[in-house]
Amino acid sequence: MFDRRLVTHFDWIFLLLVTLVAGAGIVNLYSATANWTVAGTPVYLKQLFWFGIGLLIVIGICLFDYRHLEYLGYPAYGVVLLLLIAVLALGRTSMGATRWLSIGGVGLQPSEVMKIVIIIVLAKYFSEKATPLGFPLKDLAVPGALLLVPVLLVIKQPDLGTAMLLLAIGGSMTLFAGVRRSAVLGLGLGGLLAALGGWFLLHDYQRQRIYTFVSPERDPLGAGYHIIQSKIAVGSGGLFGRGFGKGTQAQLSFLPERHTDFAFSVFAEEWGFAGCLLLLSLYLLIVLWGLYIARRASDRFGMFLAFGVSAMLFWHIVVNLGMVIGLLPVVGVPLPLFSYGGTSMITTMTGAGLLLNVCMRRFMF
């Protein structure tokens, strides 16, 4: 039975921060895609619908004790692994990548689900295997295998952006758990060798993205077009922006993917440095609040769970913002709560629900 006293510990401030960012994203989508529709519905209304579904998911997650996830983590991991394998055999191909499964007429992207599942599984492992001196390299074999198997399956799709995020989330949780200096050196060397060897396994378009990242001007009307137009949009916003609905890059359709990967570029052009500073401050508060929830968790599993979700949000934000201003290659990573996409919204709101769940039960032992 649900304990009504938990309502008094509900973190309304965190939910308000999430709602403010999502609201800003919906307003931004209205400006960028006022005349666009998805199945006859305007894009911004579709995003509002997904946010409403996300709020229902948050409520549903908060109704049960997050500690039950310890026992559901490994079974869920196995199911999602099977779904990732099924994607390679039966998935829907779009723009050269096979990432979606159609289940009952509803599209499902298992790699997004894996972000949440890998957090739960690693939280369970590290909460049970505490060591005061840090993990040696040999003790990281199990979490390393748990992480690398889905990463390799996601790379096979191919979806390099999501694979990078899974590695970043897992790596952050591993460092948070504590590793010995020798293990850090070993992992660093292994990562360097994997990166060098992985270059020869990349698809041609993935190598092109790296070439474009180094020098987008080498193909300004082709591979470099996205990032060049994005930097023009961000730079032309100036201090206070051009005004709502008045950004030339978005309104004149110079900026591709302005509702998904480059939604922040539209916002930067219309609201300028001042608006960007406010939005980034909200994101910073969300991540720091997540870490604060992790610090106050009543048990180690809740602490690792909250930290993992905070790491997921952090790396999504860093990769997307680095991508749109040319500091990182374009890898197709959406900005949480801001870019259009039902799967991304559901994943982010699921993470927010887990943070609120841990916070609500911080006084239960």
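None of the figures in this text is laboratory data; all of them are computed from the coordinates on show. Note that the structure is a prediction, hence the values are computed from the model and not measured. In this analysis, Cβ positions are derived from the backbone assuming ideal geometry, glycine residues included, and neighbour counts consider all displayed protein chains.
Here are a few things to note about the model shown:
- Around Val80: net Lys/Arg minus Asp/Glu count, Cβ-Cβ under 13 Å: 0
- Alpha carbon centroid spacing (whole Å) that separates the range 291-365 from the range 117-160: 18
- Our estimate of slack between Leu280 and Trp36, defined as 0.36 nm per intervening residue step minus the Cα-Cα distance, is 85.1 nm.
- Leu63-Arg300 pseudo-label distance in nm [points 7 Å out on the Cα-to-Cβ vector]: 3.2
- Taken along its principal axes, the alpha carbon cloud of the range 82-177 reaches lengths of 49, 23, 17 Å, longest axis first.
- Over the chain, the pair-distance histogram of Cα-Cα distances with 10 Å bins from zero comes to 5, 23, 32, 27, 11, 2, 0 percent, rounded to whole numbers.
- Charge sum, other residues only, whose C-beta stays under 13 Å from Thr248's C-beta, Lys/Arg counted +1 and Asp/Glu -1: +1
- Highest average packing first - 48-56, 254-262, 296-304, Cβ atoms within 10 Å: 254-262, 296-304, 48-56
- The listed peptides 338-345, 76-83, 263-270, ordered by packing as a protection proxy, come out as 263-270, 338-345, 76-83 (highest mean of other Cβ atoms within 10 Å first).
- Counted by Cβ distance under 14 Å from Asp139, the other residues give a net charge of +2, where Lys and Arg count +1 and Asp and Glu count -1.
- Using the Cβ-Cβ distance between Thr131 and Ser253 with R0 = 56 Å, the FRET efficiency computed as 1/(1 + (r/R0)^6) comes to roughly 0.50.
- Using C-alpha pairs under 8 Å with a sequence gap of at least 6, the mean separation divided by the residue count of the chain gives a relative contact order of 26 percent.
- At 0.692 mPa s and 37 °C, Stokes D of the range 1-147 from Kirkwood alpha-carbon radius, µm² per second: 173
- Between Ile232 and Leu45, the FRET efficiency from the beta-carbon distance, with R0 = 35 Å, is close to 0.75.
- Whole-Hz couplings from phi, Karplus 6.51/-1.76/1.60, listed for the range 235-248; x for Gly and Pro: x, 6, x, x, 7, 10, x, 7, x, 4, x, 10, x, 5
- For the pair Trp12 and Phe244, label points projected 7 Å from Cα toward Cβ lie 2.6 nm apart.
- Separation in nanometres of the label points that stand 7 Å from Cα toward Cβ, at Leu175 and Ala141: 2.6
- Per-residue ellipticity at 222 nm, computed for the chain from helices alone with -39500 (n - 2.57) per DSSP H run of at least four residues, works out to -22000 deg cm²/dmol.
- Residue-span extension gain [Val149 to Ile210] - 0.36 nm each, minus C-alpha spacing: 19.5 nm
- From most to least packed by mean Cβ count within 10 Å, the peptides 177-184, 351-358 give 351-358, 177-184.
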